[in-house]
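Undergrad: Below are the structure tokens for one structure; questions will follow.
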Amino acid sequence: MNCATCSNKICYTGKDCTGIKEDIEKYYKNETDRKIMESASKIEALYYMKATRLEEVILFSKEMDYKHLGIAFCVGFSEEARILEEIFKKHFKISSVCCKVCGIDKKNYNLLQLSKERFEAICDPIGQAEILNKNNTDLNIIVGLCIGHDILFTKHSKAPVTTLIVKDRVLSHNPVGAIYSGYYRRNFL
């Protein structure tokens with residue numbers, strides 16, 4: 001399977017080139033998965049090119065009848081997390097947790113440090129997930145977690161997870177810029 005290099009995308013017109021269509025359709029009969037898909041489709045249909053991702057998160061959460069949102073954020077995104085919490089709390093109960101929660105020393109796990117001259121707490125995505133799990137959030141939102149940390153957070157979160165901000169320190173947190181920029185694209189290709 002290599003859809004990225006497929007030139008005709010016959011699936012877009014309803015054709016199945018996989019042979020697993022019937023097996024996959026069974027998943028959409030699960031009540032939770034079906035509701036998520038219905039809500040996502042409704043938001044797409046009603047707000048296509050009209051709502052920002054931030055607005056879509058609010059609309060989707062309301063459509064899903066979520067009451068309690070969690071924000072898992074990088075400490076470097078503290079100001080953004082504060083603003084998001086202020087926006088979201090107009091609609092939902094909010095719990096937020098920063099990546100340095102628990103203050104665990106990197107040296108405890110022999111992790112590389114940015115500077116050996118000072119204490120460095122690990123980024124603690126498992127701690128973030130556990131805290132939001134204990135707070136019984138309905139949806140968790142990633143705000144700028146590092147690569148790998150976002151994976152661990154998603155793996156350990158009991159609530160569904162969506163990403164609002166992806167960390168990319170070089171491209172102002174716009175990772176798709178590496179594809180859109182001819183300069184970066186030449187570096188990769």
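The values are calculated or read from the model by the stated rules, or taken from the named source; none is laboratory data. Just so it is clear, the model here is predicted, and its values are computed rather than measured. Cβ: placed from backbone, ideal geometry, glycine included. Neighbour counts: every protein chain shown.
Undergrad: For the range 129-148, state whether one or more residues are in contact with a His (Cβ under 9 Å, 6 or more places away or on another chain) and of a type in the set (S, T, Y).
TA: yes
Undergrad: Return the only residue of C102, C11, C98 being of a type outside the set (A, V, I, L, M), surrounded by 13 or more Cβ atoms within 10 Å (Cβ to Cβ), within 22 Å of I147 (Cα to Cα) and over 20 Å from the mean Cα position of the chain (by Cα).
TA: Criteria check complete, one pass: C102.
Undergrad: Going through the range 82-135 one residue at a time, which ones are outside any loop (DSSP other than H, G, I, E, B) and among the basic types (K, R)? Before you say what the answer is, go through the steps one by one.
TA: Within the range 82-135, the first condition is being outside any loop (DSSP other than H, G, I, E, B), and the residues that meet it are 82-88, 93-98, 105-109, 121, 125-134.
Listed by number, the residues that qualify are R82, K93, K106, K107, K134.
Undergrad: Within the range 63-78, how many residues are closer than 17 Å to T163 by Cα and either in a helix (DSSP H, G or I) or free of Cβ contacts under 8 Å to residues at least 24 places away in the same chain (or both)?
TA: So the answer is 4.
Undergrad: Could I ask something else about it? With respect to I122, determine if the residue is surrounded by 14 or more Cβ atoms within 10 Å (Cβ to Cβ), β-branched (V, I, T) and within 20 Å of V97 (Cα to Cα). Step through it out loud before you land on a result.
TA: Details: surrounded by 14 or more Cβ atoms within 10 Å (Cβ to Cβ): yes; β-branched (V, I, T): yes; within 20 Å of V97 (Cα to Cα): yes.
Judged against the criteria, I122 is a match.
Undergrad: Of everything in the range 136-189, what is in a helix (DSSP H, G or I), in contact (Cβ under 8 Å) with a residue 24 or more places away in the chain and over 12 Å from the mean Cα position of the chain (by Cα)? Give them in sequence order.
TA: Within the range 136-189, just H156 meets the criteria.
Undergrad: A follow-up question, please. Among the numbered conditions (1) assigned to a helix (DSSP H, G or I); (2) out of contact with any helix residue (DSSP H, G or I) (no Cβ under 8 Å at 6 or more places or on another chain), tell me where K42 comes up short.
TA: Only one criterion in (1) assigned to a helix (DSSP H, G or I); (2) out of contact with any helix residue (DSSP H, G or I) (no Cβ under 8 Å at 6 or more places or on another chain) is unmet by K42, namely (2).
Undergrad: Now, a different point. Check K50 against each of (1) farther than 22 Å from A129 by Cα; (2) assigned to a helix (DSSP H, G or I) and name the one condition it does not meet.
TA: Every condition holds for K50 apart from (2).
Undergrad: Further, regarding this structure: Regarding I151, is this residue loosely packed, with under 12 Cβ neighbours inside 10 Å and among the hydrophobic types (A, V, I, L, M, F, W, C)? Steps first, please.
TA: On the way: loosely packed, with under 12 Cβ neighbours inside 10 Å: no; among the hydrophobic types (A, V, I, L, M, F, W, C): yes.
For I151, the condition - loosely packed, with under 12 Cβ neighbours inside 10 Å and among the hydrophobic types (A, V, I, L, M, F, W, C) - is not met.
Undergrad: Hey, another quick one. Starting from the range 41-58, keep only residues that are under 14 Å from L139 (Cβ atoms) and surrounded by 14 or more Cβ atoms within 10 Å (Cβ to Cβ), then list their pairs with residues that are at pLDDT 95 or above and acidic (D, E) whose Cβ atoms are within a distance under 6 Å, requiring at least 6 positions of separation or different chains.
TA: I43/E56
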